[in-house]
Amino acid sequence: MNDGGGNADSDWPERYFAVIFTSQRSLSGDDIYEIAANRMVTLAQQQPGFLGVESVRADDGIGITVSYWTDRDAISQWRHNAEHMATQAMGRQEFYDWYRIRIAEVVSERAFLSDNIVQGQPASD
């Protein structure tokens, strides 16, 4: 899932914050995990200060989700959102064997975008 998680050609601030959520999915809760995860992305997108999110999960269940925020206050507001807190509690009971959350300030960004490639061929000069 990549939902707004790129700063190239965007209105993102020069400096912003990343919440890095690394987790190991448990074997239970599959039936509602995707619904809950998608709901959290939708809810986060509605929060002041939300910039974007990127998420991947390997076949062994280890995943990394990075959400991007304008400042630490926006992260705190998200952390204390009642629906988010309820889903976190469900995650501890149903979805995850373990997780770790890190918060970092992004002070620099570089990107490679192969927008000069058309149907697998380099653009002609």
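The values are calculated or read from the model by the stated rules, or taken from the named source; none is laboratory data. Model, not experiment: these values are computed from the prediction. Note: ideal-geometry Cβ built from the backbone for every residue, glycine included; neighbour counts use all protein chains shown.
Structure data summary
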quantity	calculated
Pair list, Cβ < 6 Å and 6+ apart or interchain, from region 26-49 residues that are surrounded by 15 or more Cβ atoms within 10 Å (Cβ to Cβ) to residues that are in a helix (DSSP H, G or I) and among the polar types (S, T, N, Q)	ALA36/THR87; MET40/THR87
Selection status of ARG39, among the charged types (D, E, K, R), touching an Asp or Glu at 6+ places or on another chain (Cβ under 9 Å) and farther than 23 Å from ALA104 by Cα	yes
Top-ranked residue in region 54-80 [being acidic (Asp, Glu) and surrounded by 12 or more Cβ atoms within 10 Å (Cβ to Cβ); ranked as farthest from the chain's Cα centre (by Cα)]	ASP73
Answer from GLY52, GLY91 - the residue that is at pLDDT below 95 and either in contact with a Gly (Cβ under 9 Å, 6 or more places away or on another chain) or polar (S, T, N, Q) (or both)	GLY91
Looking only at region 81-111, and only at residues there that are surrounded by 11 or more Cβ atoms within 10 Å (Cβ to Cβ) and among the hydroxyl-bearing types (Ser, Thr, Tyr), the one that is farthest from ALA37 (Cα to Cα)	TYR99
